[in-house]
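All remarks here apply to the structure that follows.
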Amino acid sequence: MKKMNKAARFIAMALVLSMVLAACQTVSASTPTQTTVATETVQTATVQTVTVMPTTLVLPSATAIAMSTATPAPIEVQYGPTNFPGNVDPLTGLVVSDPAILNRRPVMIKVSNFPREGRPHAGLSKADIVFDYSTGGGWNRYLALFYGQDSDQVGPMRSGRYIDQWLVSMYQGVLGMMFAYAPEKAEIDSRLGQSREISGTTNTCPAICDKGYGISEINWFANTAEMSKYYAKFADASNTKPVLDGMSFTSVAPAGGTVATELTMHFGGNNEGLWKYDAALKKYLRWIDNQVNDTTYNMIPQVDRNTSRQLAFSNVIVVFAKYTTLNSKDSIHKVALAGASGKALVFRDGKVYEGKWQGSTGSAPLQFFNAAGNLMELQPGNTWISITGDISTIAQDQPGIYKITFRKAAYQAGN
């Protein structure tokens, strides 16, 4: 028995040695060498004289095998245009931290863009919507809407314009401004009621306060939570939750669209706003013109002075509307929004979608429709709406890079 075992071990060792030698040879189709023949002889002898005993084969279990898994698809968020849940802001499609904040009118603050000494602006990053429109002479001004969250400093504040009465009416808001040209203020007050138009004075702080910076155009700032409290003191105040149906939101980009990674909005002269899409954030980041000296301008990130962070918006919309100039100085205009409609460009998710906008004559937000006439779904989040002239030009110097230059009909006496 021991001799048999020794013989078996000798044959097994010979087998291993033959396998190693075989692995070191180059395989060819030539006649086998003496070494190959010897190896085959040993392997044949092994098969004939050795009985191989079966052994237990341990197989990995199913859970022990690392299987690659696909990244789960993002959960689609979809709200609107009606039946918004009680904790969802109907102007952003976002869940709010405290649903009680929606039990009030939106607060809408006029914000200056000129003079440049008033920059950086304060509070715009907290706005649900920022409206951006021409005030003539190549200048523009903002109307910032706050509903789902507040900002304790918004500004610097400037005077009202005719267009504000319609925007504030559509969103059922309370307007904070620094007065207005008498005919404009009278029309604004007539439409909104004096309680919904609050102009800053020495008696309005902490809702609207003078910061004492020395230049009247950049001194005044609003606190939106305090604005709601100030308005609530009026006998005719209504701070119940308004119905603000009309906008639609989904986190999944609609089909179609054209690549659009940059957009420049040019209001005139050296007054420009630039948007660049950030795919990681899924937002458009904003740049603004900066005067280096008397003859040199460049573009710098537009930041919120409250946070020192660059403005980032989920949607950028360009509304093409008719401007009518009412004076030769190009400082007084009426913009056709109420009951009107026109071309719209909606930028979201790094693409642009062409469609149309529709304005209500009462208290419903602006609506946006795609080329097929269906309601355009926006990315949940904040929205910047630039209102340009109906004859403004659109240029695309490079694929995905757009520039819109403000144009409107010239002044005609008797308008």
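Quick note: the coordinates plus some simple rules give every number you see, no bench work behind them. Remember, predicted model here, so these are calculated numbers, not experimental data. Note: ideal-geometry Cβ built from the backbone for every residue, glycine included; neighbour counts use all protein chains shown.
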Check: Relative contact order for the stretch 283-356: what is it in percent, counting Cα pairs under 8 Å that are at least 6 residues apart?
Finding: 24 percent
Next item on the list: Starting from the coordinates of the alpha-carbon atoms of the stretch 307-373, obtain the Kirkwood hydrodynamic radius over all distinct pairs and give the value in Å to one decimal.
Entry: 14.0 Å
Item checked: At 0.890 mPa s and 25 °C, Stokes D of the stretch 90-136 from Kirkwood alpha-carbon radius, µm² per second -> 186 µm²/s
Check: Just for the Cα atoms in the stretch 179-338, what are the lengths along the principal axes, largest first, rounded to whole Å?
Finding: 51, 46, 37
Item checked: Computed FRET value (nearest 0.05) for S328 with T201, which takes r as the C-beta separation and R₀ as 30 Å -> 0.40
Next item on the list: Could you tell me what % of all Cα pairs in the stretch 135-203 have separations over 17 Å?
Entry: 41 percent
Next item on the list: Grab the beta carbon distance between K241 and A410, set R0 = 41 Å, and tell me the FRET efficiency rounded to 0.05.
Entry: 0.40
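Normalised by the residues of the stretch 93-405, what does the relative contact order come to in percent, with Cα pairs under 8 Å and at least six apart?
On the way: 760 pairs, mean separation 63.4, N = 313.
The value is 20 percent.
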Notebook entry, point to check: Say R0 is 35 Å: what FRET efficiency, to the nearest 0.05, do A100 and N290 get from their beta-carbon distance?
Noted result: 0.30
Checklist line | Using θ = phi - 60° and Karplus 6.51 cos²θ - 1.76 cosθ + 1.60, couplings along the stretch 257-264 (whole Hz; Gly, Pro as x) | finding: x, 10, 3, 8, 9, 9, 9, 10
Checklist line | Gain in span if fully extended, A280 to T361, counting 0.36 nm per residue against the direct Cα distance | finding: 25.3 nm
Next item on the list: Give me the percent of Cα-Cα pairs in the stretch 93-405 that sit more than 28 Å apart, rounded to a whole number.
Entry: 35 percent
Notebook entry, point to check: How many nm separate the modelled label positions at V259 and T307, each set 7 Å beyond the Cα in the direction of the Cβ?
Noted result: 2.9 nm
